[in-house]
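Only one structure is covered here, and it is reproduced in the block below.
The values are calculated or read from the model by the stated rules, or taken from the named source; none is laboratory data. Computed from a prediction, not measured in an experiment: that's the story for all the values here. When we count neighbours, we look across all protein chains shown, and the Cβ atoms used for this are built from the backbone with ideal geometry, even at glycine. We work out accessible area using only protein heavy atoms, side chains counted, and drop any ligands, DNA or RNA first. Shrake-Rupley method; radii C 1.70, N 1.55, O 1.52, S 1.80 Å.
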Amino acid sequence: MRLPKLKRGDAILVEWIDAHFLSDAGWRDEAEYVELEPITITTVCQFIMRDRDYIYTVADRSKTEPIGIMRDLRIPIGCIKQVTKL
């Protein structure tokens, strides 16, 4: 996955495959688990940075709160299908 050229604070749309589990803790046939369709997530956020393994994003930023960010999300590079700069 090749990311577009991004700078800190850019608004982006990320389409990515989410890790998931079956919420029922009971016993089941392995085939039920293996045959599950991937869950594709679409996230609109602000780009913070990237490293070898992740892109770091936030959904909210504050200019008045001293801490400054909320709803942070670190998405594994290998799970990303597409990144679009908005």
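Among Asp60, Asp18, which is of a type outside the set (S, T, N, Q), open to solvent by less than 70 Å² (accessible area, probe 1.4 Å) and free of Cβ contacts under 8 Å to residues at least 12 places away in the same chain?
One residue alone meets the criteria, Asp60.
Looking only at the range 7-23, which residues are of a type in the set (D, E, K, R), in a loop (DSSP other than H, G, I, E, B) and at pLDDT below 95?
Answer for the range 7-23, where residues must be of a type in the set (D, E, K, R), in a loop (DSSP other than H, G, I, E, B) and at pLDDT below 95: just Arg8.
I need the full set of residues from the range 77-86 which are open to solvent by less than 60 Å² (accessible area, probe 1.4 Å) and of a type in the set (A, V, I, L, M, F, W, C), in order please.
Ile77, Cys79, Ile80, Val83 - these are the residues of the range 77-86 that are open to solvent by less than 60 Å² (accessible area, probe 1.4 Å) and of a type in the set (A, V, I, L, M, F, W, C).
Take Gly26 and decide whether it is touching a residue at least 12 places away in the same chain (Cβ under 8 Å), assigned to a loop (DSSP other than H, G, I, E, B), out of contact with any Gly (no Cβ under 7 Å at 6 or more places or on another chain) and surrounded by fewer than 14 Cβ atoms within 10 Å (Cβ to Cβ).
For Gly26, the condition - touching a residue at least 12 places away in the same chain (Cβ under 8 Å), assigned to a loop (DSSP other than H, G, I, E, B), out of contact with any Gly (no Cβ under 7 Å at 6 or more places or on another chain) and surrounded by fewer than 14 Cβ atoms within 10 Å (Cβ to Cβ) - is not met.
For the range 48-71, enumerate the residues that are modelled with pLDDT of 95 or more and within 11 Å of the chain's Cα centre (by Cα).
Correct list: Tyr54, Ile55, Tyr56, Thr57.
Which numbered condition trips up Asp53, out of (1) without any contact (Cβ under 8 Å) to a residue 40 or more places away in the chain; (2) farther than 15 Å from Leu73 by Cα?
So Asp53 meets the others, but not (2).
Take Arg74 and decide whether it is modelled with pLDDT of 95 or more and open to solvent by 50 Å² or more (accessible area, probe 1.4 Å).
The answer is yes for Arg74.
Can you tell me how many residues in the range 42-86 are small (Gly, Ala, Ser) and part of a strand (DSSP E or B)?
1
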